[in-house]
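These notes concern the structure reproduced below.
The values are calculated or read from the model by the stated rules, or taken from the named source; none is laboratory data. Predicted model only: the values in this text are computed from it and were never measured. With ideal geometry, Cβ positions are generated from the backbone for all residues, glycine too; neighbour counts draw on all protein chains shown.
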Amino acid sequence: MSKSLDSFNCRKTLSSGGKDYVYFDLKEAEKNGLKGISRLPYSMKVLLENLLRNEDGRSVTKADVEAVAQWLDDKGSAGYEIAYRPARVLMQDFTGVPAVVDLAAMRDGIQALGGDAQKINPLVPVDLVIDHSVIVDEFGNPSAFARNVELEYERNGERYRFLKWGQKAFENFRVVPPGTGICHQVNLEYLSQTVWTRDEDGETVAYPDTCVGTDSHTPMVNGLSVLAWGVGGIEAEAAMLGQPISMMLPEVIGFKVTGQLKEGVTATDLVLTVCQMLRKKGVVGKFVEFYGPGLDHLAMADQATIGNMTPEYGATVSFFPIDGESLDYLTATNRTDDRIALVEAYAKAQGMWRETDSEDPVFTDTLELDLGDVVPSLAGPKRPETRIALTDMKSKFHDSIVNEYGKTVESLSEKHQVEGTDYAVGHGNVAIAAITSCTNTSNPSVLIGAGLLARNANKLGLKQKPWVKTSFAPGSQVVAEYMEDAGLQTELDKLGFNLVAFGCTTCIGNSGPLPAPVSKAVNDHDLIMSGVLSGNRNFEGRISPDVQANYLASPPLVVAYALAGTVDIDLQNDPIGTGSDGQDVYLKDIWPSSKEIQDFIQKYVTRALFEKKYAEVFTGDENWQAVDAPEGQTYTWDDASTYVQNPPYFVGMGKTPEQVTNIENARVLALLGDKITTDHISPAGSIKADSPAGHYLMDHGVQPVDFNQYGTRRGNHEVMMRGTFANIRIKNYMLGEDGKTGGYTLYQPSGDEMSIYDAAMKYREEGTPLVVFGGKEYGNGSSRDWAAKGTILLGVKAVIAESYERIHRSNLIGMGVIPFVFKDGMSWADLELKGSEQVSILGLEGLQPRQTAKASITYADGSTREIELLCRIDTLDELDYFKNGGILQYVLRDLADTAEAA
């Protein structure tokens, strides 16, 4: 990091804990020309400091800094572009493996351009947490954890050897081994510092902790005042390699919080309410910042729970300012005393410290919630923002059975015997009840609440229903330890919630197969079974191919629904089961009090636990230590590997980019509806044997039992491009008004039906470019770079939609695909498209950000129509990436040029 030009003379010294730190003083900058900046939202102050510290006259100018002060007048509406440099990068292994594959390929690529392979190294700290690969195969028994770990290493040996090679080969790159916890909770409990420091030229510079992560739930650490958000692996790689992130100064929505939660209401209920409110408000691509006196009654863990679900309502961040609760959490989680003192001193010096009576910042817009209005809730059956009050759950499920799944309410009474058992199942029965990592497992209040509910249920003799697959996958080893110490794990075990893994399980689709007899009953009778999970995602086809109606809920409610065995129940008024004394038991009879939960937290969630469990966080268990990794600065690719392959992005790449040209006579690959998620585009779950990816694996000697899943195959582009648009629930409306699910298209002009992959390969042989049409919020959900990588590898040149979610739009550009939006509220349905048309997009030779382009559509009968499209390449940096064929090609050429000039 070069020294700032310091146009506002604000480079000062701060003393804390007997040590001096260089910092860029916002109060001094205000005196020296940046008038009014003390009134900025706290999150905007972090961006301002970032610009002041990195002002170099090139990527960051004095005018860029002044634009942040100007924000107070236009409140983000002016759309000013800045270059932002995060302090560090976080990865999980699903997105981390392909990122390291790309870095390894870049080392080969820079050598081909005459450069030095060692130029390809992260320039900022990178932590990769292996957490997405474990699957819940075993459950409901004491050996479940050990068996799932054993299977994880059997399936992922190739990937883990590759990551271990990367850990040795790349500088500034650390790997947190499997079995430690999920990336978000490790980030929250250990990696995040709230205020970051860096030694530079004999001085120590202090600045806000900022982070981008290759998981969309990276904003979980916003609760700890870390400005962090999810990006695709493509963008993260560029940040690692020293490229600034191009972004617009955001609109900031102030979310005022008053009052406090009522007895019996959980942090999960709160976050589902917040999610619904903000999705309705419309905050896609915006910052959300929480303020108001209600923050005094929200534990940091509750704030992190809200931060985790940021992508579910489409915001970039959900920021909470530094306050006394932040210091309490840093202390409880065993951060050093010097760091805690620095956080307080820095925040107060910078005007980044919140008190109860702090003046409200200036916001673009605001909304307000009285915490006392929050009620027990779930969300589902397909969307995290579709909140349902617990009191309405039964009636809402009845509505879904009719309107979502085409069944009748009367059919709910039909039951079908499960072969080899003494029980029968029907619509609405709970097939999966999972206390799963991510949103809630960093929050002791809901986990201890679940344990206490289980204890109370056991006392009364309640049992989980035998058709329910139960699991407990905490987000860190600390959680397992305090649950064990408190005697609550034993209580959960009695109800089948045995420890199954430390990792992202059910929420990512790693729920594992249902017991074969239950799965057979589901498929034989087309049953709408349900899942209840404590995660953040319940999109179609994500949780399990056998379970269609999935609901997000607090961990205590997950246990309650396992006891009930069905979502076709009013838990507020109907008995949850029958006790050992033959009496009806109601939810209120087993629900723990808030005081008892807090007493357990005080006693069992201790600083000593965090010190113990994170003492050797990078060492790993005996399984990790036994992984034998290759050596060397470049990777020796194994052509026989079905997990890791050298991607084709840099094959034949010259030192200068090719000219951008018009898209002419493109064919339509798919006509897609609203809210097509990155899960629809690039599924993470199971690979079907009768699919292009399944055929590829079997052709390479892999049997279906060893397919693993798409998420773990992301290091192999051959698997992933075959899996693009292959989600079992994706609908292509080229195949009829109702759409056909499962990744099919009509090859033109013959109209033959085939898989999207097979059609794309035929078009490639002909040299025919492709386009995809979508609806509203195209690409929402996870920050999945393969949703963009697979799109370009299939030959898609442009996506035309009504609107995009932020990360996927950026990723498309980062892989060389142009995102367009219809103008004037138009849709592909208004154009009466059938998919048999040819599309030309003209005026691209002199492409500029957000320019209008003309599209000419030729229908099958020879008639034509011209429409205008808005190009959603929003910034000049994005345009540079696109012109180079993608962000990786841009960085590679830049590094090669730098080396040549030197």
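If you go through the stretch 380-421 and pick out every residue that is among the hydroxyl-bearing types (Ser, Thr, Tyr) and under 29 Å from the mean Cα position of the chain (by Cα), you end up with 3.
If only residues of the stretch 446-459 that are surrounded by fewer than 24 Cβ atoms within 10 Å (Cβ to Cβ) and not basic (Lys, Arg) are counted, the one that is nearest to LEU563 (Cα to Cα) is ASN458.
Of the residues making up the stretch 852-902, those that are of a type in the set (D, E, K, R), more than 20 Å from LEU793 (Cα to Cα) and in contact with a Ser or Thr (Cβ under 7 Å, 6 or more places away or on another chain) number 3.
When every residue of the stretch 693-708 is checked against the conditions, none turns out to be assigned to a loop (DSSP other than H, G, I, E, B), in contact (Cβ under 8 Å) with a residue 40 or more places away in the chain and closer than 22 Å to GLY751 by Cα. The residue of the stretch 94-126 that is nearest to ARG784 (Cα to Cα), among those that are among the charged types (D, E, K, R) and in contact with a helix residue (DSSP H, G or I) (Cβ under 7 Å, 6 or more places away or on another chain), is ASP102.
Among the residues making up the stretch 757-798, those that are closer than 17 Å to ILE887 by Cβ and touching a helix residue (DSSP H, G or I) at 6+ places or on another chain (Cβ under 6 Å) are GLY779, SER783, ARG784, ASP785, TRP786, ALA787, ALA788, GLY790, LEU793. If you filter the stretch 422-437 down to residues that are under 31 Å from the mean Cα position of the chain (by Cα) and among the hydroxyl-bearing types (Ser, Thr, Tyr), you find that the one that is surrounded by the most Cβ atoms within 10 Å (Cβ to Cβ) is THR436. Filtering the stretch 422-438 to residues that are at positive phi and out of contact with any Gly (no Cβ under 6 Å at 6 or more places or on another chain) leaves only GLY428. When every residue of the stretch 805-819 is checked against the conditions, at least one turns out to be in the same structural domain as MET754 (by TED's automatic domain parsing), buried (at least 21 other Cβ atoms within 10 Å of the Cβ) and either of a type in the set (S, T, N, Q) or in contact with a Cys (Cβ under 6 Å, 6 or more places away or on another chain) (or both).
Could we say that ALA798 is in contact with a strand residue (DSSP E or B) (Cβ under 6 Å, 6 or more places away or on another chain) and either at pLDDT 95 or above or surrounded by fewer than 15 Cβ atoms within 10 Å (Cβ to Cβ) (or both) here? Yes: the conditions hold for ALA798. Is the stretch 57-66 home to any residue that is under 23 Å from VAL317 (Cβ atoms), at pLDDT below 95 and surrounded by fewer than 21 Cβ atoms within 10 Å (Cβ to Cβ)? Yes: the stretch 57-66 contains one or more residues that are under 23 Å from VAL317 (Cβ atoms), at pLDDT below 95 and surrounded by fewer than 21 Cβ atoms within 10 Å (Cβ to Cβ).
Residues being part of a strand (DSSP E or B) and in contact (Cβ under 8 Å) with a residue 40 or more places away in the chain: count how many of those fall in the stretch 389-419.
Qualifying residue count for the region: 2.
Among the residues making up the stretch 410-427, a single one is under 13 Å from ILE569 (Cα atoms) and either in contact with a helix residue (DSSP H, G or I) (Cβ under 6 Å, 6 or more places away or on another chain) or not assigned by TED's automatic domain parsing to the domain that holds GLU540 (or both): HIS427. Tell me, please, whether a residue that is modelled with pLDDT under 95, on the phi < 0 side of the Ramachandran plot and in contact with a helix residue (DSSP H, G or I) (Cβ under 7 Å, 6 or more places away or on another chain) can be found in the stretch 363-384. Yes, some residue in the stretch 363-384 is modelled with pLDDT under 95, on the phi < 0 side of the Ramachandran plot and in contact with a helix residue (DSSP H, G or I) (Cβ under 7 Å, 6 or more places away or on another chain).
Out of ALA301, ALA347, one residue alone is small (Gly, Ala, Ser) and either out of contact with any strand residue (DSSP E or B) (no Cβ under 8 Å at 6 or more places or on another chain) or closer than 26 Å to CYS275 by Cα (or both). It is ALA301. Taking helices (runs of 4 or more DSSP H) as the structural unit, those lying wholly within the stretch 798-902 and holding at least 1 residues that are more than 24 Å from the chain's Cα centre (by Cα) correspond to 876-883, 887-901.
Take the conditions (1) touching a residue at least 60 places away in the same chain (Cβ under 8 Å); (2) out of contact with any helix residue (DSSP H, G or I) (no Cβ under 7 Å at 6 or more places or on another chain); VAL284 misses just one of them, which is (2). For the stretch 42-87, a tally of residues being out of contact with any strand residue (DSSP E or B) (no Cβ under 9 Å at 6 or more places or on another chain), farther than 27 Å from GLU355 by Cα and among the polar types (S, T, N, Q) returns 2. Looking only at residues in the stretch 667-693 that are closer than 17 Å to ARG383 by Cα, of a type in the set (D, E, K, R) and surrounded by fewer than 24 Cβ atoms within 10 Å (Cβ to Cβ), the one that is farthest from the chain's Cα centre (by Cα) is ASP674. Applying the condition of being over 19 Å from the mean Cα position of the chain (by Cα) and surrounded by fewer than 20 Cβ atoms within 10 Å (Cβ to Cβ) to the stretch 228-246 and asking which residue is nearest to VAL126 (Cα to Cα) yields GLY242. Filter the stretch 739-773 for residues that are more than 29 Å from ASP93 (Cα to Cα) and among the small types (Gly, Ala, Ser); which is surrounded by the fewest Cβ atoms within 10 Å (Cβ to Cβ)? Only one residue tops the list, namely GLY767.
What number of residues within the stretch 359-404 satisfy the criterion of being among the aliphatic types (A, V, I, L, M) and more than 14 Å from ILE569 (Cα to Cα)? Summing the residues that are among the aliphatic types (A, V, I, L, M) and more than 14 Å from ILE569 (Cα to Cα) in the stretch 359-404 gives 8. Test PHE319 against the stated conditions and say whether it is in contact with a helix residue (DSSP H, G or I) (Cβ under 6 Å, 6 or more places away or on another chain), surrounded by 23 or more Cβ atoms within 10 Å (Cβ to Cβ), modelled with pLDDT of 95 or more and hydrophobic (A, V, I, L, M, F, W, C). Spelling it out, PHE319 is indeed in contact with a helix residue (DSSP H, G or I) (Cβ under 6 Å, 6 or more places away or on another chain), surrounded by 23 or more Cβ atoms within 10 Å (Cβ to Cβ), modelled with pLDDT of 95 or more and hydrophobic (A, V, I, L, M, F, W, C).
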